[in-house]
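Working notes, structure below.
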Amino acid sequence: MFDDDDNKSLGFREFLCCFSVLLRGTIEEKVDLFIKMHDVEKKGYFYKNEVEKTIEDVCSLLKLSFPPSYFTDNDIFNVQTKLKKRFAKYEVVTYFDFKILYELPEIKKCSFNL
């Protein structure tokens with residue numbers, strides 16, 4: 001994912017690009033990065049059995065990546081619940097499907113505080 005020159009190793013520049021997103025990226029950039037990191041096989045989607053773990057990990061990322069004032073425990077719980085409910089009927093969830101995350105009120109309110 002970060003190996004831009006496909007040499008099977010992560011150069012310093014590639015490392016810095018990844019680290020930069022983790023430290024200074026927007027919510028959208030961090031979530032996109034994290035979702036792509038979960039897609040080890042680079043399929044562009046997740047099967048139903050992979051979705052719940054991905055949702056939990058994305059919510060953990062949100063909580064760890066921002067100051068406590070951005071996301072309360074209730075916000076994280078609401079995001080997890082809404083995403084799990086939304087994707088419950090899906091057999092496959094794509095990256096595009098995860099973009100619904102950015103429309104959730106708990107996320108939108110934080111985007112303005114960054």
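Quick notes on this structure:
- Between Phe19 and Glu41, the modelled label-to-label distance comes to 3.3 nm, taking each label 7 Å out from Cα in the direction of the beta carbon.
- Most to least packed among 56-62, 76-82, 89-95 [average Cβ atoms within 10 Å]: 56-62, 76-82, 89-95
- A crude spin-label estimate for the pair Thr94 and Glu52, with each label 7 Å from Cα along the Cβ direction, gives 2.5 nm.
- Were the residues from Leu104 through Asn74 laid out at 0.36 nm apart, the gain over their Cα-Cα distance would be 9.5 nm.
- Of the GluC sites (Glu not before Pro) found in region 1-51, the ones in coil according to DSSP and having at most 10 other Cβ atoms within 10 Å of their Cβ are Glu41.
No lab work stands behind these numbers, since they all come straight from the coordinates. The structure displayed is predicted, hence computed values, not measured ones. No Cβ is skipped: glycine too gets one built from the backbone with ideal geometry, and neighbour counts run over all protein chains shown.
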